[in-house]
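Here's the structure we're looking at; comments come further down.
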Amino acid sequence: MSEKFIQWQANTFFGMGVEDQIAGAALGLYPLGASGANLVWNIDLIKNVILLEAGGQTLAVDFKDGRVAAEVPIVLSVYNGAPTKSQQWSFTARKGYITSLANTSLVIDDKVRGTTPGNPLWAYPFNGSIAQQWKPQDPYAFLATGSIGFQ
């Protein structure tokens, strides 16, 4: 596993984050200079999960209520060591995109390309738009350089 910011490629000053580190919390777009605890993810490329450690509990990026479908919000859910199908995501199925392994036609998308902090993320059919492009980045490079617009 590796700790990463998940940087949005439409505006590299933003990334995938959560306002609250609890099950059911909605993922959104947040400035990378905001609270690091809500922006640093553990990415497990073997199990294909994106995890957040929160107060002794491990949470996974998931479809709301485990319902794998287009236009469903992306949220945190409890992770029990073995991912459910709805918790599995690939960074390699389509380079530059986060693809659902439960339905490979769906990717994580910034809803309406909004840039207001907290703008929701949802599952949306792959269309190649900039709203769907993400890149894992080393958060410690940010701490060392103080630069959030790294490529």
**Asked** So which residues in the stretch 1-43 are among the hydroxyl-bearing types (Ser, Thr, Tyr), in contact with a Gly (Cβ under 8 Å, 6 or more places away or on another chain) and within 24 Å of Gln88 (Cβ to Cβ)?
**Response** Tyr30
**Item:** Enumeration of residues in the stretch 78-128 that are surrounded by fewer than 16 Cβ atoms within 10 Å (Cβ to Cβ) and assigned to a helix (DSSP H, G or I)
**Value:** Lys85, Val112, Arg113
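Here's the yes/no breakdown for (1) more than 17 Å from Ile6 (Cβ to Cβ); (2) in contact with a strand residue (DSSP E or B) (Cβ under 7 Å, 6 or more places away or on another chain); (3) crowded, with 18+ Cβ neighbours inside 10 Å:
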position	(1), (2), (3)
Gly28	no, yes, yes
Pro31	no, yes, no
Trp41	no, yes, yes
Leu45	no, no, no
Asn48	no, yes, yes
Leu52	no, yes, yes
Gly56	yes, no, no
Leu59	no, yes, yes
Asp62	no, yes, yes
**Request:** All but one of (1) in contact with a strand residue (DSSP E or B) (Cβ under 7 Å, 6 or more places away or on another chain); (2) at pLDDT 95 or above; (3) surrounded by fewer than 17 Cβ atoms within 10 Å (Cβ to Cβ) hold for Val72, so report the exception by its number.
**Result:** (3)
**Request:** May I ask you to verify whether Tyr79 is aromatic (Phe, Trp, Tyr) and more than 19 Å from Ile22 (Cβ to Cβ)?
**Result:** no
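The values are calculated or read from the model by the stated rules, or taken from the named source; none is laboratory data. Just so you know, these numbers come straight off a predicted model, no measurement behind them. With ideal geometry, Cβ positions are generated from the backbone for all residues, glycine too; neighbour counts draw on all protein chains shown.
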